[in-house]
Amino acid sequence: MTLSNTYTEKSHKHEKRFQYGQRNMWTGLMFGLGVVAFIDEVVFHQLLQWHHFYDKSTAKIGLISDGLFHAFSFFATIGSAFLLADLHRKHGFWLKRWLGGVFLGAGAFQLYDGIIQHKFMKLHQIRYNVDIIPYDIAWNVIASLLIIIGIVLLVKTNQLKR
Amino acid sequence: MHSHETHLQGFPNLIQAIIVLPFLISLVIYIVAVIYSNRYKKRWSHFRTISWILGHICAIATLIGPFAELAHINFAAHMIAHLLFGMLAPLLIALAAPMTLLVRSIPVKMARRISCVLKNRYLTLVRNPIIASIFNIGGLWLLYTTPLFYMMHESLLLYILIHVHIFLAGYLFTIAFIYIDPTPHPLSYIFRSIVLLIALAAHSILAKYIYAYPPNHVSPIQAEMGAKIMYYGGDVIEIGLVYLLFYQWYKSTRGSNLAKSIPAK
């Protein structure tokens, strides 16, 4: 196979990415949401054991929110993996736009978890028996940064759209 | 078992044997049907046969023997039994495509009649994902948040009825979302996905609810352990369900992709 052949084949692989711009974004969003929830479960619940399975002060609405997001996290991770495979199959994968979705989804979930679930619904705190404020600030600042990166990537790729 | 659960006694062996009997019969019938139909039809998939056998082992193990005794007095063991009997066994049994095997093993005339019965409006209705979810997850809420759970261990009739319900509802739930056998009136993937998501969330919520508010006569320590088993163990099986649903979607959309790409080239 000659060099030019490989080149055309490579660009051919993503030739339809502009047609599937929205789908790349949504697939990324789902993946970001799912993966960050998974990291939360593995790192903070299981490895560090900072988070608690259930906090005695949890509001009932907190249980519902937790259950929905818990189910959604593995649902979205698996679903977005199949959607991603489908995008590749359609030659419509667009890395930058997909990543934009991933960052936005990850940040949005973390911010929701940090503000609504931890603070308002008192689902559980980041860590127990410590001064919680620096943890909360770090948590939510990281979330905001992820959201900003995501939005920047999405806006940039949106301009490229034909 | 130092708590007040000690007075809960296991049911006599004879009763256990009677509950197990339908599973033993269906296990034998399936294998006979495979051997018989393989004689003049395409070879039946080993995967399906193994799936059927494993599903039956899961179910029988929770109904009879030392584990069934333990599940009767220990809530954590009870939860493992619930996962095996209400979720894993129905999934494995559904994956074995029993209806497909049945239809290919009997004369065409009878098969036609059976497929007519399967298209029956009532069966289509209960196989609706929303109805199936209410039967399955709603039934669990009823069992664990009311005195029913305690009553089940006191009354033989309730014990049998609830176990029959748990298994059938689990099977119905599985086939409402995952189409292995031929399915008349299939529903869209997006609809099934949304209902499945809500149903799985309701299962997780129930697990945490049990953690916070143990069922009658279950000690908090056992309830906490049982709840975690239900939450994380349920995840493993639910991940399998979600994977199968998306895998079927991925396979089914391949055809339309090819059709679209042919004229373009």
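Here, each number is a calculation from the coordinates, and none is a lab measurement. For clarity, every value in this text was computed on a predicted model and none was experimentally measured. Positions of Cβ are generated from backbone atoms using ideal geometry, with glycine treated the same way; all protein chains shown enter the neighbour counts.
With neighbour counts taken as other beta-carbon atoms within 10 Å, the residues A:HIS12, B:HIS153 rank, fewest first, as A:HIS12, B:HIS153.
Mean partner shielding of peptide B:196-203, defined as the number of other chain Cβ atoms within 10 Å of each residue Cβ, is 5. Per residue of A:75-85, other chain Cβ atoms within 10 Å of the residue Cβ number 5 on average.
Which of A:ARG97, A:ARG127 has the fewest other C-beta atoms within 10 Å, and how do the rest follow up to the most?
So the residues, fewest neighbours to most, are A:ARG127, A:ARG97.
Number of Lys-Lys pairs in the stretch A:1-150 with C-alpha atoms under 25 Å apart and a separation of 8 or more places or on different chains: 10.
Overall form of the protein assembly as shown: oblate. Here a/c, set by the Cα gyration tensor axes a ≥ b ≥ c, is 1.5 or more, and a/b is not larger than b/c. Comparing B:TYR159, B:TYR144, B:TYR250 in a Gaussian network model of chain B (Cα springs below 10 Å), the most mobile by mean-square fluctuation is B:TYR250. Taking the helices alone, chain A has a mean residue ellipticity at 222 nm of -22500 deg cm²/dmol, built from -39,500 (n - 2.57) per DSSP H run of at least 4 residues and averaged over all its residues. To the nearest ten degrees, helix A:95-111 and the longest principal axis of the Cα atoms of chain A are 10 degrees apart. Rounded to 0.05, the FRET efficiency of the B:ILE15 and A:TRP26 pair, given R0 = 51 Å and the Cβ-Cβ distance, is 0.45.
Structure remark: mean-square fluctuation, Gaussian network model of chain B, C-alpha springs under 10 Å; the largest value among B:ARG121, B:ARG48, B:ARG254 belongs to B:ARG254.
Of the DSSP H helices in chain B, those with a Cα length along their own long axis of 20 Å or more and a mean Kyte-Doolittle hydropathy reaching 1.6 comprise B:13-38, B:156-177. Residues A:PHE38, A:PHE44, ranked from the fewest to the most other C-beta atoms within 10 Å, line up as A:PHE38, A:PHE44. In chain A, the longest principal axis of the Cα atoms and the axis of helix A:60-89 are about 10 degrees apart. For the options B:PHE173, B:PHE149, B:PHE246, a Gaussian network treatment of chain B with springs between C-alpha atoms closer than 10 Å singles out B:PHE246 as fluctuating the most.
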